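Worksheet for the structure shown next.
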Amino acid sequence: MNKIKKILIANRGEIAIRVMRTCRELDIETVAIYSEADRTSLHVRYAHEAYYVGKAPSSESYLNIEKIIEVAKKSKADAIHPGYGFLSENAAFARRCAVEGIIFIGPSPEVIVQMGDKIQARDAMIKAGIPVVPGTEGEIKSEQEALEIIKEIGLPVMIKASAGGGGKGMRLVKSEADVVSSVRAARSEAKAAFGDDAVYIEKYITSPHHIEFQILADQHGNTVHLFERECSVQRRHQKMIEETPSPLMTPELREEMGKAAVEAAQAVNYVGAGTIEFLVDNNLNYYFLEMNTRLQVEHPITERVTGIDLVKQQIYVAEGQQLDFAQEDLRQLGHAIECRVYAEDPDNNFMPSAGKVYKISDPLGLGVRTDGYVYEGYEIPIYYDPMISKLIVWGKTRDEAIGRMRRALYEYKITGVKTSIKMLERVMKNENFIQGNYDTHFIEKNQEQLMGKDHTEDPVDMVIIAAFIDYLDKLSSVSTNQKEFTPAQSRWKKIPYVNHF
Ligand code: MV4
């Protein structure tokens, strides 16, 4: 067994810091890489060492395999953690690490290739007896074949690009007249986007839930699942909120889907942390959708209810250690919810809101975790993902978790850039969400309330904004002249100032 002493984190932002936090706990040295746009990023300051790898565009920095390998060798890192996005599901990178004798903290290049190709993934699951959405076996070779399949399974159907995933290169077909043109359009879109025009067809599942299972497998054949994450609150294939347990789940279904997830992983000899995505329909039928061969953005909710540090497990597995727990040792304790905070302007079609963060005040208190990376004075680069932090709360029950999330979102203050915090607060107050009555169409179905078009919050907002401006005034008087600072009586609340000290 090979103890890892130094890890290069081939990523930026919150996930780079998240990985380094565990490294520090394990007394593992950390190596950061950074682009031109990230010289002042927090992950650079958090690491033991940091190396410049190229210009701001990811293609020249965080995707620059040659440069990253060069830095790994120069810094004598034993392993590379790819985080999510960037090179995390790049088989060529995983292979290159192996060639250079560097441990890639993730699964084998072979399984990355296999699961990256959605037709291969689907076929592997059919062979393993895992339920998949009714549809084609293999790719469709002609428009004639497409029409035949549709006769069998019925309309509507989804045409999906084999090289796609996460909603890219998908087309919904509702009428027979559109089949031929949709197959052609999907093909040329896939060819342009991925250089691969293979497509397949699935029956369209109406209003499904997106429920995924976390799995963990070591190099010795032990595989466990760490239960589900409900990820149905999404807009345009971008997740906004995740929770575990899923409000839809029953103990029986959980056991069955958990078993299926473990079998799916074992069928492809999976090693490491991975996620099996399922669609679940209204009758609680479940279907394998995709497998993600990386650590996911939403992993903290699983960590919170199971008590397992997934990054630590990834490192142990990469070292060749055996999992030191079995399936029957694992429990889901209480309820966890994650809200993703994006630097986006909901009033301007969710355009990224780049710019300088003026004030940021993270929520604290019982059951609250934030995974972020921005600080006061930090300029959010335009080149990367607009997600600036994740707020994760825990409660003994779902109701307690929702109340705690509502409270934590209230405490979360970010000025200088627009964020999704307000909209997240509206979800926490949405009656359907509170009832657990939602699926993948939640955002569309609750558009009016979630966009604040009903104006019910406006008077409350005025008071809160005014109080916050008052607070900012006081802060600036602290920084400009310490001596003159006397806490003024609040202009907004008729409570006299009391000095408790
Ligand atoms: C589907 C589907 C309905 N039927 N496949 C979207 C992301 C990609 N991973 C697969 N997606 C879907 N595939 C069939 N056969 C509906 C979706 C879908 C969706 C899935 C999960 C979460 C949100 C979604 C929003 C719209 C559509």
Are there any pairs with C-beta distances below 7 angstrom linking a residue in the stretch 152-181 that is assigned to a loop (DSSP other than H, G, I, E, B) to a residue that is within 10 Å of the ligand (Cβ to nearest atom) and of a type in the set (A, V, I, L, M), with the two at least 6 apart or on different chains, and if so which? P156/L172
Run A273 past the list (1) in contact with a Gly (Cβ under 9 Å, 6 or more places away or on another chain); (2) away from the ligand (no atom under 16 Å from the Cβ); (3) assigned to a loop (DSSP other than H, G, I, E, B) and report the number of the one that doesn't hold. (3)
Checked against (1) in contact (Cβ under 8 Å) with a residue 40 or more places away in the chain; (2) part of a helix (DSSP H, G or I); (3) within 18 Å of N90 (Cα to Cα), Y62 satisfies every condition except (2)
Within the stretch 238-251, can one find any residue that is over 22 Å from the mean Cα position of the chain (by Cα), more than 15 Å from the ligand (Cβ to nearest atom), more than 25 Å from V111 (Cα to Cα) and not small (G, A, S)? yes
Could you tell me which of the residues K413, K453, K396 is at pLDDT below 95, more than 21 Å from the chain's Cα centre (by Cα), more than 16 Å from the ligand (Cβ to nearest atom) and surrounded by fewer than 19 Cβ atoms within 10 Å (Cβ to Cβ)? K453
Give me a count of the residues in the stretch 182-199 that are assigned to a loop (DSSP other than H, G, I, E, B) and touching a helix residue (DSSP H, G or I) at 6+ places or on another chain (Cβ under 9 Å). 3
The stretch 124-141: number of residues that are more than 16 Å from the ligand (Cβ to nearest atom) and assigned to a helix (DSSP H, G or I): 3
Flagged in the stretch 144-167 as under 15 Å from E290 (Cα atoms), near the ligand (Cβ under 9 Å from one of its atoms) and either among the basic types (K, R) or at pLDDT 95 or above (or both), in numbering order, are M158, K160
Would you say L323 is part of a loop (DSSP other than H, G, I, E, B) and either within 16 Å of the ligand (Cβ to nearest atom) or touching a residue at least 40 places away in the same chain (Cβ under 8 Å) (or both)? yes
The number of residues in the stretch 192-228 that are of a type in the set (A, V, I, L, M), modelled with pLDDT under 95 and within 15 Å of the ligand (Cβ to nearest atom) is 1
So the check is Cβ under 9 Å with 6+ separation or different chains; which pairs have a first residue in the stretch 203-215 that's among the hydrophobic types (A, V, I, L, M, F, W, C) and a second one that's part of a strand (DSSP E or B) and near the ligand (Cβ under 8 Å from one of its atoms)? I205/M158; I205/L279; I205/Y287; I211/C231; I211/S232; I211/E277; I211/L279; F213/E277
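The values are calculated or read from the model by the stated rules, or taken from the named source; none is laboratory data. Nothing here was measured: the structure is a model prediction, and the numbers come from that model. No Cβ is skipped: glycine too gets one built from the backbone with ideal geometry, and neighbour counts run over all protein chains shown.
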